[in-house]
Each structure stands twice: as structure tokens, then as C-alpha cells.
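First comes the structure, then the notes that go with it.
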């Protein structure tokens, strides 16, 4: 009887399977160690990494009722590492499984219904030239049936062979597949490239060309945006390496009609007689460690193959595409590409887009047909630098808009108000080649002088209105009373007396807390002044689906935290989600008990100023020991009115400060661009001019 492949899980795999954070698994191993049902012991240790039997882990999680996944048995096949006792290597197992999943997708039926010879016959029928899957299936040898059953199990767990294939490929960072891991782009980088590509493609007959032989991430991401009922055509490079064969299997899985490049490769004689978009990335698996000369030479070959109806989108390290080059040969190649009038836009991107090398800055080149109507002195390129921005939806929208504009005729380009880019004469860029293709970062979107001037005057009017509100006089009636030596109650005592209620914060997945979410959140970042309340939130649909039992604040709730530092505020509006470890102190009846939330918050803020001994990690007092001011019930209304007036004036003052900052930024931007000049006017008589 043939040995079945053993499904082994690391602690990281267990966390992913159970839907918990990685440290939770370590807590399970220690917390239940002395019980009658301890956490399973590792069955193997590789390089100090413990591996556990998947079936034992699934049974234990089910018995204990732990984790956040109700489909443990079904999903374990996706998260498990394959280790065969007979010694089949990880590379062979990985390649064989991807090939079997690809064959299952072709057949549209389970592989378990076939014996080994039938599986090989089917593989030979679909891949008669051994182009992408026959060899990998044959290499499984006597273990073919076992791996075929496991491929079926994976497809069932993921619902389709295609999804199982992608789940297996996602393990490239854990399974030792350095070629695939080191060339992987983040989802946001892929989205940017695909958004740019689809915005430029206007013809259904467009062919997509990737000169690399083993790059597939961009084409797979692009396929998800194309119509389901079309079978797009991809032309890719030729190679018989393991990574190239994997790329071909992946494209077949996602229903690409692949046309191989000519046997002589993508040379000067290569041509496509229909609209085409070249879409490629550096590094790809076969170009890891390629020099600037090698990368720029390949891009130069692309430009020579492009016809009038051809475009190209290339993502590569900024050190090659836009930064200053010390290598004279590389600099000469890049200057030649620039001089060809093919390079229409060059955009420096932020760091963090290359998964295994987050410190590497990437850049995007977009190339198009040369405009033969322009004189050499009129050639241009649009440059942009968004290296300081997050690649969020608004930024991607702005980049796409700028790229589409850059591909237009000179008149339309000159009239366009770019979001991030600016038009640079090619002659100037060639003359300043030592600087690279680096644009100056701007604080505000570019605009014409009239637009900037109009914005400036609107801000001046807003500031004058806000200044009048702030400058208005404050009138207070002050009455002196003899002090009474009455000890203040503590927060703990008031909670015990049910005059205050302590409400725990909500535990919300950090991935669900986003900028602009409709359900406002208040967490430690808001309480410590790191973010303004209202900037972050949770999408309303995500909140409804995932947190049906969460608790909202009520108007007047006192929100506080004690770690990492003390922070406190009053939520005057309510309807917010407080994020743990922040908590809420809620006044039950202020008019009866003499408790005013604003007064309590300010009193506690004063106490906390010197409440932490030197060298201590936490404050000297627990929240239960905080003293709380109590006033006479008949003075509550007057105190609340006074505090509301102070808060209103504080908001007006903050709005004035914000407007002054925005005005200063606008003026600096306009003066820097040379489209604005300003001078402070003294006196009240306006001047013309």
C-alpha cells in the first residue's frame, strides 16, 4: 500500500487555519499543557521549526471549540505543508500538485476516479508536447494516486481547482520557492498596474505581451478584470525552466490563450499585427539580481518591437527606471529610450510594493507611440513622484488619470491639470541626465495660476470669518463660595454605586479599521492625539456582517485608555465604536448625581499630568482610584453650558489654525511653481493691479 502524504502544519499555518493571530497558538500550547487534553506535540522539528500533524490539530481545535473557522477539516488541505515520508522533495510535490490541479480544471471532474495510467494519458492528451504539466505529473511516480487524491481534497476545500491553485501558490513565501517569493508584488502594486493597463486598452482585439518567460502575476491580476466570457490572448517568452512551466500552467488555469514567442525570441524582427499591450515586471523569477544594463536592454528591446498601436506598462525598481545612474552604459540606454519619444510617463512609487524587499522603491514606466508631428525640441515626458504617499484608491485614481492624459496629443497634455505629474521637456531631461528622471514632490495638486489665486482668496475669506468667531468676547459670571473639606469619591466607588458604568471596548480586526469608514471609531490613537477622531472608521457593511454584537457609545460617554499612556476624551455625539483596550465611563444620571462628563475628563487629565513615577511603565494609580469631581445637581446645567461654550471656541480656534496651515501650503505651492505672488496688505483701501 502506498504511503499517503503527511499533512504537517507549523504554528504560523495553524494560526492561519484557525483564523487567529500567531501568538494565540503559543498561548494554547502553554495554557492547556497541564490538562487532560493538551495541545498536540510536534511530530517533527526542522531547523528549530516545530511541525504538527494536521489531523491532530484539527481534532484538538474542534474538541476545544477554539479558533474562528468552522470549516477546519475542509481548509486544512490549503494551509498544510506536504511532506512525504518516502522523501519526495518540496519542489517536486509543489510542481506535481499544481500540474494535477491544472489537469483537474481541464477535465472538469475529480482525479480520484482515474488510476495512474489514466491520469498520465489525460495529461499527455492535454499537453502532448510536454509544454507545461505532463513532466510534473510523471515525476510523482508511485505516489501519483496519493497526490491526485490530495489535489481533489484541495479543490473541494477551495471550491474550485483554480482557487486551490492560487492558494497553493500563495505559500511561495513559506515553501522554499525564492524565485517566486522574491519577485512577488503586493496586491496594491498589481492593482495599480492593472488599472493603468485597462485604462489604456480600448480595443477588444488587444493582445497582451509579457516578454518574460516566467512572469504571471500581472497577467493573472489582469485576467480578473476582463470579461468572463472572453478568452484573451497572451504572448510570453520561451523557456523550459521550472518557473516558466509553472507560469504556463497558471495562465492555462486562468483561461489565457497563450501564443509562445518566436523561437528566436523577442528580437528586432518580432512584431504583432494588431493592437498590443506589453505588460511586464522586473524582477520576475528569471531576472532576480539582473543589473540595470540588463533590465534597460530588455525594455529597449520592447520599444523597438512596438508599433503604432502598441503600448507598454513596466514596473521595476526606481533605482533603474528613475533614479540617477552611475553606470554609463545603463545611463546611455535609458537616454536612448527617452530620446525615442516612447516614454510618455515615469512615476516613482512608494516603498513596500515588493513583498520580500519592502525597502525597495519601485517605479512605473508607460510607453506609447512616438508623435511624429512633434519637432525634437518639443518632445516631452510626464514625471511624477508619489513615493511619499500611500498607494490607496485616491492615489491610484490620480495616477491613472495622469497616465491617460500623458498618452494624449501635446495640446491636450498641455491643458490637463495633473494630479501628481508635471510635463518636462525631453531636451531638459537629457541635459540633466545626472539627476535622473525625478520629479519634484508637490504638496498640492498642480493647477493654473488663476486656480491657485482663486483658492487663495477663498481661504482668506474663510480665515477672516473664522477669526471673527474666535475674537468674539467671552463673558462669565463668577461667584465665590467658601470651600468645603469634602473628599472626592473615586471612579471605582461610583461604579460600585451604579452612578458610573464601565463599558469595555470592542475588539475589531485592525484590517477592518480604515480611513473614511462610515462607522466612526475611537481607539488609543485618537485618545493620544495621533489621529483625529472621525478620520478612521469601519465600513458599515463589514461592521454589520462581522460585529453584530458590538457596543456603540452614547452622547457624553467618557472614553479613556491607560496604555500605552493615559488618554481621555468625551464623545459628545455618541454612535462611535470604542476600540479595546480603550474603555468607557458612562454617567448614568448627571442631573441627579452631579456628574458632568466634560468636567470629569478635564479633572482626570490634570491628575494624569504627574501621575507616572520616573522609570515606571504604568501610572501610579489604577482607574478605580481616580478621584471624580461631584457638583451640586442645581449647578450641572450651568457647568455643562460653560464647558460647551469653551469647546465651541476651541473648535473655532482649531478650524482657524487648520485654515491658516492650508493657506500657507497653498501660497507656498503657488510661489514655488511661479504661478502666484502675494503680499500682505496693510490698511483697508483695496488696490487695483
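The values are calculated or read from the model by the stated rules, or taken from the named source; none is laboratory data. Quick caveat, the model's predicted, so the values are computed rather than measured. Here Cβ is always computed from backbone atoms with ideal geometry, including for glycine, and neighbour counts include all displayed protein chains.
Some observations on this one:
- For the range 339-357, the tally of residues that are assigned to a loop (DSSP other than H, G, I, E, B) and closer than 23 Å to residue 374 by Cα stands at 3.
- Unique match (being more than 13 Å from residue 284 (Cα to Cα), touching a helix residue (DSSP H, G or I) at 6+ places or on another chain (Cβ under 7 Å), free of Cβ contacts under 8 Å to residues at least 60 places away in the same chain and surrounded by 17 or more Cβ atoms within 10 Å (Cβ to Cβ)) among 233, 220: 220
- Of the residues in the range 314-325, at least one is in contact with a strand residue (DSSP E or B) (Cβ under 6 Å, 6 or more places away or on another chain), buried (at least 18 other Cβ atoms within 10 Å of the Cβ) and more than 21 Å from residue 215 (Cα to Cα).
- Of the strands (runs of 3 or more DSSP E) lying entirely inside the range 9-119, those containing at least 1 residues that are at pLDDT 85 or above, touching a strand residue (DSSP E or B) at 6+ places or on another chain (Cβ under 6 Å) and over 20 Å from residue 246 (Cβ atoms) span 44-46, 49-53.
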